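Read-outs: derived from the displayed coordinates by stated rules, not from any lab. All values reported here derive from a predicted model rather than from experimental measurement. When we count neighbours, we look across all protein chains shown, and the Cβ atoms used for this are built from the backbone with ideal geometry, even at glycine.
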Amino acid sequence: MTTPADARPTVDEERPTVAEERDDAIREVVTRLSRPHASGGDVIERAAIVAEGADAAAIVAWILANSGRPEETPARAPARGLHAARLSSGAGTAGDTPRRYVLPEGALT
């Protein structure tokens, strides 16, 4: 028994694209890694993102593309002492890399 051609769905109908599947997979990872934030949104630790492995860059890109932002860390008080300026400033200090990323409320739904 055959069905009429117009009754069968076409190849393009109801099949997600590769980009949509990738987006959904990253959303699932972000949802799993996130926890509630005081702002009402969600927060994800950078360490948890890096622990995911090779997809870490894609996860950070997804967060930034979905209105996420690096959490601002408060400025540290200047250290005192003879070598304080050399040890607490300059490129490559811990303040260069965000420790957490904050997503607004509803970004994961």
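Remarks
- Cβ-to-Cβ counts within 10 Å put GLU20, GLU14, GLU52 in ascending order as GLU14, GLU20, GLU52, the fewest first.
- The calculated FRET efficiency for THR17 paired with ALA61, based on their beta-carbon distance and R0 = 22 Å, is about 0.80.
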